[in-house]
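Can you keep this structure in mind? I'll have questions shortly.
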Amino acid sequence: MSSAEARTGEVVEVDTLIVGAGFAGLGLGIRLRRRNAQEGRDESFLILERAHDVGGTWRDNVYPGVACDIPSHLYSFSFRTSAEWTHVYPSGWELQEYLRQCAREEGLLPHLRFGESVEDARWDEADGHWIVTTTARRRYRAKSLVSAVGRLSEPRLPAAGRLDGFPGAVLHTAGWDADLDLHGARVGLVGTGASAVQVLPHLQRAADHVTVFQRSAPYVVPRGDRAYTEAERAELADPAARERLRDILFWDAEAGFPARMREPAAIAALRERAASHLRRQVKDPALLADLTPDYEIGCKRVLLSDDYYPAVASSNVTLETSALDRIEHGTAVAESGARYDLDVLVFATGFNATRPPFADLVTGRHGIRLSEHWSDGMRAYASTVVHGFPNLFVLDGPNASLGHNSAIYMIETQLDYVLGALDHLAATRMPLDVPQDAEDAYVADIDAAAADSVWLSGCSNWYVDERSGRLTLLWPGYAHTFRDRVGTFDAAVFGVPVAG
């Protein structure tokens, strides 16, 4: 902490202020620090993090079984590959250690400000800067503001009052209690998404009985995770070998996109892959029927697991095929009317992804909040810049995620865009505010591309804005087409002089 920052109320001057220390925030920090060192630049940057460690979702989610469903050598920075991955798919703790190592070895620790949440971020039109106040009673004056808070940071929980009267422990998978003793406990698991599929096998082994509240059955395909052999790890000690593997993994993942656009042969093959996996692992006809989804594959996230179905089929697990409705006299009551006496409730109910609370804290030109601009769903030009919010860059935000490939590839694409924009700002010193018509045209292209996608085929999912019905989280195309369109900053779109 600098002496200026140590004085409460002092305004801290900084070129770029980044909010969030997960993959996106750290990735931008690494790129900024490297180019400062390599090109003799002196561009200041700070990274605000509300927690007391880096890692984002991989810091917060520590429930048993937490892991990524993208291979290790693809779900990591291309500019900082690692030979230390132990398995085909990375566990949550491995990803957290990787990000800690990135922060430490890339010299980011002096740039990090832990335990500091944004209370208000406001564009000062007269000054041409962002004024950001935080819970540490500090004010920052920044030329550029970067939101790197991600989409999996605000857990979704039942409305206040709905759980009143429940006598036992209540927790979300993103707030796991490592000291929770499940021995002899009757556990209710609410949800059947990615975190539920990962945590259920642990609950089934540890608890006396588990009731799974299933609103809709997920599609599950084989995971096929395994440890890398010593020979493989020795080969992958060579950076060139890691790059070759990364390239293979990337294009293998790209091959999964046609199914998301409902290409008949591709979606039929994916559907059969999931159905055959279910038939192999579940023999009871009634349970098999209850675990068979009633919507098109890919509309919701396709899950990877080899031990979820065996756990559901275990003698100490009950599958309740309706959602948890309420707590009545201490008893959990499902929408079906079935009643369950439980000791612990575990919510694996995901996150507030389409309506990020951070948007309520950001005010742009004419006193308009970002959440107001996004009243019909998140929107941005190049999935990164928003009209009316000069010099604001949103990472991993509107239509910048994928349903078939690595989020890190998408983040790195946006980093290239942001760095190009920052170069332009440094050269011209003129604020960058994307015109409304450019944003509208980009969003119209997104909406047109998404219209025939599986994500808009009728199911309820967390990719689609619940108010407008627009696909606002995912890029409705191949990952490489996102880079083709978004990877290079173009000043001409902004109607400002091109830096010479």
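Rounded to the nearest whole Å², what accessible area per residue is found for the stretch 135-200 with the 1.4 Å probe?
45 Å²
Could I ask something else about it? Separation of the stretch 403-449 and the stretch 31-91 by C-alpha centroid, Å?
Result: 21 Å between the Cα centres.
Tabulate in residue order the Karplus-calculated ³J(HN,Hα) for the stretch 61-78, using 6.51 cos²θ - 1.76 cosθ + 1.60 with θ = phi - 60°, rounded to whole Hz; enter x for Gly and Pro.
Listing the rounded values in order: 9, 10, 5, x, x, 4, 7, 9, 9, 10, x, 3, 6, 10, 8, 6, 5, 5 Hz.
Kirkwood hydrodynamic radius for the stretch 317-396: how many Å is it when counted over pairs of different Cα atoms?
It is 16.1 Å.
When only DSSP loop residues count, what trypsin sites (Lys or Arg not before Pro) in the stretch 358-437 have their Cβ near at most 10 other Cβ atoms within 10 Å?
Here the trypsin sites (Lys or Arg not before Pro) that fit, given the DSSP loop and packing criteria, are 429.
Shifting gears a bit: Go through the cysteines of the chain and tell me which have no other cysteine Cβ under 4.7 Å away.
By the Cβ distance rule, which asks for a partner under 4.7 Å, the isolated cysteines are 68, 102.
Place a +1 charge on the Cβ of each Lys and Arg in the stretch 10-153 and a -1 charge on the Cβ of each Asp and Glu, then give the dipole magnitude about the Cα centre in debye, rounded to the nearest 20.
The calculation lands at about 80 debye.
What does the charge dipole of the stretch 145-250 about its Cα centre add up to, to the nearest 20 debye, if the Cβ of each Lys and Arg holds +1 and the Cβ of each Asp and Glu holds -1?
It comes to approximately 420 debye.
Please compute the contact order of the chain in relative form: average sequence separation of alpha-carbon pairs under 8 Å and at least six residues apart, divided by the residue count, as a percent.
Relative contact order, the chain: 18 percent.
Restricting to bridges with both residues inside the chain, how much of the DSSP beta-bridge set is antiparallel, in percent to the nearest 5?
Antiparallel bridges: around 35 percent, rounded to the nearest 5.
Using only the Cα atoms of the chain, each taken as one equal point scatterer with no solvent, compute I(q) by the Debye sum, divide by I(0), and report log10 of the ratio at q = 0.06 Å⁻¹.
-0.29
Now for a separate question. Please report the Cα spread of the stretch 213-367 along all three principal axes, rounded to whole Å, starting with the longest.
If we take the Cα atoms of the stretch 213-367, the spans are 62, 61, 38 Å.
For the stretch 353-424, what's the relative contact order in percent, using C-alpha pairs closer than 8 Å and at least 6 residues apart?
Taking the mean separation of contacting Cα pairs over the length of the stretch 353-424, I get 20 percent.
Can you pull the semi-axes for the stretch 197-281, root of five times each eigenvalue of the Cα gyration tensor, sorted largest first, whole Å?
31, 24, 10
Determine, from the Cβ-Cβ distance of residue 284 and residue 206 and an R0 of 25 Å, the FRET efficiency 1/(1 + (r/R0)^6), rounded to the nearest 0.05.
It comes out at approximately 0.60.
Sort out for me the Cα centre separation of the stretch 173-230 from the stretch 263-307, rounded to whole Å.
Value for the Cα centre distance between the two parts: 18 Å.
Could you tell me the relative contact order of the stretch 350-500? Use alpha-carbon pairs under 8 Å, at least six residues apart, and round to a whole percent.
Taking the mean separation of contacting Cα pairs over the length of the stretch 350-500, I get 30 percent.
Quick one: pull the percent of accessible area on the chain belonging to carbon and sulfur, 1.4 Å probe, ligands and nucleic acids left out.
So the carbon and sulfur contribution to the accessible surface is 50 percent.
Tell me which residues come under 5 Å, amide H to amide H, from residue 262 once H is placed; ignore anything under 5 positions away on its chain.
Correct list: 454.
Which one of 391, 350, 361 is farthest out on the positive end of the charge dipole of the stretch 342-404, using unit charges on Cβ (Lys, Arg +1; Asp, Glu -1) and the Cα centre as origin?
The Cα lying farthest towards the positive end belongs to 391.
The values are calculated or read from the model by the stated rules, or taken from the named source; none is laboratory data. Just so it is clear, the model here is predicted, and its values are computed rather than measured. Here the Cβ is made from the backbone with ideal geometry for all residues, glycine too, and neighbour counts use every protein chain on show. Just the protein is used for accessible areas: all its heavy atoms, side chains included, with ligands, DNA and RNA removed. Shrake-Rupley method; radii C 1.70, N 1.55, O 1.52, S 1.80 Å.
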